[in-house]
Structure formats: structure tokens, C-alpha cells
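As C-alpha cells, the structure follows; a few thoughts come after it.
Laboratory data are not the source of any read-out in this text; all were calculated from the coordinates shown. Treat the numbers as computed from the prediction; the structure is a model and nothing was measured. Counting neighbours? That spans all protein chains shown, and the Cβs are built from the backbone with ideal geometry, glycine included.
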Amino acid sequence: MSTPQAPSTLGRPPWLLVAPGVVAAVLLVVPLVTLVLDTPWASFGSQLGRPEVREALAITAWASFVTVLACLLLGTPLAWLLARVEFPGRSLLRAAVAVPLVLPPVVAGVALVTALGRNGLIGRVLDDSFGLTIPFTTTGVVIAHTFVSMPFYVLSVEGALRASGERYDVVAATLGADRWTTFRRITLPLAMPGVLAGAVLAWARSLGEFGATITFAGNFPGTTQTMPSLIYQALQTDPEVARTLSMILLVVSIGILAALRNRWLTTP
Amino acid sequence: MSRRHVTAVAATLAMLLPTAACGTQDERATITVLAAASLTGSFTELADAFEAAHPGVRVRLAFNSSATLAQQAVDGAPADVLATADSATMRSAEAALADEPRLFASNTMVLVTPADNPADLTSFEGLDSAAVSYVTCVPTAPCGAAADALLTGSGIAAPPVSREIDVKAVLARVTEGEADAGIVYATDARAAGTAVTTLEIPGAATRLTTYPIATLEQSTHPDLAREFVELVTSATGQRTLRSAGFGPP
């Protein structure tokens, strides 16, 4: 971490930047503060003890963990292909990969139904040939999360791969390394900041995922009900419970994020 | 400070102003009706009739789960009329009601399957099998509460595969063929037409749900809101509801 420049050399920050910046900060911070203030903290423990809440937390944690794993194992090679290999339709594929970023999550869910639903293009084959149905299962939750989270990961890693450039790869090749060794020993270590940032982004996206999950995988305690689905359902009857549940999700996410930051993200 | 800077700041400030301010000068009066998802078809028709009878008045409809709408009404949502699928959800909105709720329709629950009935269901009791995937509303919604009571009444222990937020979502799962069956209102089954096959639920007639309607405290057009309630409870309104499959209140 570099320390900021001495203010005297650059002058005072212009208020044209400071004022909108403050407005943005207020907009982002105030709702979080009021959520904390409005949470009935007395019931925090008893809510956390409810089996429904524990199940939803477990599903959310599991789904986000598998999502990150899927991003690492599948997304890294895709990012590498997009950054390093010339093939026809590459720019088209890159654009397609980015589409889920702008897709409303509910639409992502509808799209998944058309592909993997029981009457979907692939889902029908899975059902007829193997008796596999994906909607209404925890696997469906993981697939929905991976679908919406992967673009964040792939774009982050691809950006890192492009930024580090091909020069070191070329040097490694001239020294006799094959492409797999180069990827493992040179390319991937150089792209590590992008890999970590992408993994955290994908994980965060998965934790908060709601629309695609409820549309594609459904909502049932113990199998497909994630924390956001449970919060939405609680909002129908008891906003106080919904606030407590939101706070539980917030505390858990910030806790894990802080732990990750301390362990990995600060070390280059 | 340069003129351009002033413009930039003004533009920033303008963005912060609530956009809701637009339309207050509008001559056209708009009333907003919050209605249970099962009323989608019939209330759309009634809103058109209301607009035809009141030139210059627009009826905005918001359909959702009754529980969600009741909650929104209590939270001060800018709306004029609330119509829910049972009295329990209407009572939960008591603080926001301007007058006594009036009952205007009733509905029964039925079991629907996709048109080709992939699980070959022939009766409601057929749901009690691990091989059959069925969906219901969340227990907090009237359709979910009614479904749970009927399932318990028939001694069905197999749980649904999913709890949907409102009855239209349940119907969609069935018409898309994602679930083998769903518990919906008779009116939804009728609205779906040939896309579904309908099966009776034993005891459903003894568990009618009745729909109340009321005007809201926060209404900015209380007269129009009352007139809309009048229309729904009038002979014309009742005819529309009856043809959609609703029973008398």
C-alpha cells in the first residue's frame, strides 16, 4: 500500500469532486446504518436458532462455496481461452459471456428453465435418459448461482491475463516450457490478483442471489430455500424478522469477507 | 465559478429530486388498486370498465401475493384500494384501511396438472407419493394456507417440492411442465384453459376462501376509490367475477 501524496503538491480536493462523492457515500452508507439500527437485536439469537434459518444459511454457504469452486475450475480455463487463444467467434463468445451481467436475474432464471428445466432443451434429455431433474434441487441452486456469478469471475481473470501480457509466456516457451507448464508456473501466478478478486466477486454475487434461484430452482426449506428467498418470504408477514434475517446474512458475509481480506487479499 | 460548473451542479441536484413529483400537475386522476394475484384477469377487465365509465381516470393495478400487498398497504404504499384473497391478510392491513372491508367473491382450491398429466394423477390423494412433484404457495399466502389445510385434511404427508410466492407462480410451474401438479384456485385453473387438467380436491367446498375489498387511509382520491369498490360489488362487477369462475361471497 502506498501512502497518499502530500496534499500541498496537488492542492485541495476540488469540491466538484468532493460534493458528489459525499452524496454517493451517504447513499451507500445510510441504509446500512438504518438497517443496523432497526434490527431487533434481542431476537437475533433466537432467529439464528430457528431450523429454517440454519438450513437457509447452510444452503447459501454451500451454494456460494461450490459456485466459487466451479468458477475456479471452469471459469479460469475459459478466461485463459478468451485471453490467449485465437479462435473464430472469440469476440462473440466474450460478449455472450458478459450477457448474464446485464440480465435481470429473473430473466436468467427463465433462461435456465428453457435450457435445463424438465421440458428444456437439455433438461428433457437428462430427464428422459437418466431420470435427472434439476429444478427444485440444491444442484439447481448451485447452477443458477454459477450462471449469474461466473461472468464476474471470467471477466476479472481475463482482464488480469490481458494486463499481465504474453511476454512472460513467450519467454517461458523459448526456455522450453510447454503451454500447460507455462500456464501453471507463469500465467496463473501473474493473474493471481485477478483470480482472487474474481472469486470474491463471484462469491458475493452468489450470497445475494435471489431472482434466478427462486425462478429456476424454486423455494423449499432444506433443499432450495436460500437466505435471500427466506428473507423475501419473511417480508410478507413480519418485516422485523426479515430485518433480523438480513442482518444475519450481512454479519456472516462481512465476517467471511474480513477473514478473506486478512488472510489472502492483503498479501500480494 | 464558471457557468459550466453551475450547470453540472444543477444537473446533479436535479437528479436527487424525487421523480415522483412528476404528474402531480396531471389532469388525469390515477387510482392504484392492490389486488391478490388470483384477481389478475377479472380486475383487469373491471379496471377497463371503470376507465370507460370515468373518462380521464386511470386505474393502475398491482397484483401480488395478498400478504405482500397487505404489508405494502401498512407501509404506506401510494394506493387507494386493497383486495386480498382472505380475511386474515386483510386484517393484517387493518391500520391502513379507511373503511370496513366488504366481501365480494369466493374461490375454491383445485389441483391442476400439465395438460398431458405426466404423473398420471387421477385423484388428490395421488400426491402422497415421492414420485410426484407438486408445488403450492408459501404458507403465509392465503393460497398456501388453504392448500396446507386441505393436504392435512386428506392425510397427505409428502411435502411439495417448492413453495411459490403467489398463486400465479404455482400455475406457471405447472403450465411450463416443471412440476407434476400444483394447488391453485379454481379461477386460475379456468384462466389457464387447456394448458392444464383440473382435478377436484375433496373437502375444498368446505374451505372456501372469501375475498374482502376496502379503501385505504392513504388514498388521494377517496371518492374514486369508493366508486371502484362499488363497481366490484355491483351486479356488473359480480357478473365479471362469476364468469371468471369466482363464487358469490
**Request:** Return the sequence-ordered ³J(HN,Hα) values of region A:93-106 in whole Hz as given by the Karplus equation 6.51 cos²θ - 1.76 cosθ + 1.60 applied to θ = phi - 60°, using x for Gly and Pro.
**Result:** 5, 4, 5, 5, 5, 7, 4, x, 4, 9, 6, x, x, 4
**Asked** With Cβ to Cβ distances under 12 Å as the rule, what net charge do the other residues near residue B:199 carry (K, R +1; D, E -1)?
**Response** -4
**Charge tally in the Cβ shell below 15 Å around residue A:75, where Lys, Arg are +1 and Asp, Glu are -1, residue A:75 excluded** = +2
**Prompt:** Amide H neighbours of residue A:117 under 5 Å, counting only residues 5+ apart in sequence or on other chains, H built in-plane at 1.01 Å?
**Reply:** A:123
**Request:** Return B:43, B:50 ranked ascending by Cβ neighbour count within 10 Å, so the fewest neighbours appear first.
**Result:** B:50, B:43
**Asked** Taking region A:62-168, which GluC sites (Glu not before Pro) meet the DSSP loop condition and have no more than 14 other C-beta atoms within 10 Å?
**Response** A:86, A:166
**Request:** Report the GluC sites (Glu not before Pro) located in region B:188-234 that are in a DSSP loop and have at most 14 other Cβ atoms inside 10 Å of their Cβ, or state none.
**Result:** B:200
**Pairs of Cα atoms farther than 16 Å apart, region B:138-210, %** = 47
**Request:** Please report, in Å, the Rg and the Dmax of the protein assembly as shown, where both are computed over Cα atoms only.
**Result:** 27.4, 90
**Fill in**
To the nearest 20 debye, region B:107-188 has a Cα-centred charge dipole, built from +1 on Lys and Arg Cβ and -1 on Asp and Glu Cβ, of 200
**Prompt:** Taking amide hydrogens as modeled 1.01 Å from N in the peptide plane, which residues meet the under 5 Å criterion relative to residue B:58, leaving out close sequence neighbours?
**Reply:** B:29, B:30, B:31
**Asked** What share of all Cα pairs of region A:57-227, in percent, falls into each consecutive 5 Å distance bin?
**Response** 1, 9, 16, 17, 17, 14, 10, 7, 5, 2, 1, 0
**Prompt:** Along each of its three principal axes, how wide is the spread of alpha-carbon positions in region B:71-153, in whole angstrom units, largest first?
**Reply:** 49, 25, 23
**Message:** Could you list A:41, A:203, A:62, A:80 so that the one with the fewest beta carbons within 10 Å of its beta carbon is first and the one with the most is last?
**Reply:** A:41, A:62, A:80, A:203
**Prompt:** Which value, in debye to the nearest 20, describes the size of the charge dipole of the protein assembly as shown about its Cα centre when Lys and Arg Cβ atoms bear +1, Asp and Glu Cβ atoms bear -1, and nothing else is charged?
**Reply:** 2280
**Asked** For the modelled label position 7 Å from the Cα of residue A:238 along Cα-to-Cβ, which residues of region A:44-75 have backbone nitrogen atoms closer than 15 Å?
**Response** A:44-54
**Complete:** For region B:51-63, in residue order, the Karplus 3J(HN,Hα) values (coefficients 6.51, -1.76, 1.60; θ = phi - 60°; whole Hz; Gly and Pro = x) are 5, 5, 7, 10, x, x, 10, 10, 10, 9, 10, 10, 9
**Item:** Cβ-based net charge around residue A:245, under 15 Å, with every Lys or Arg adding one and every Asp or Glu removing one
**Value:** -2
**Request:** Return the sequence-ordered ³J(HN,Hα) values of region A:131-136 in whole Hz as given by the Karplus equation 6.51 cos²θ - 1.76 cosθ + 1.60 applied to θ = phi - 60°, using x for Gly and Pro.
**Result:** x, 8, 10, 8, x, 6
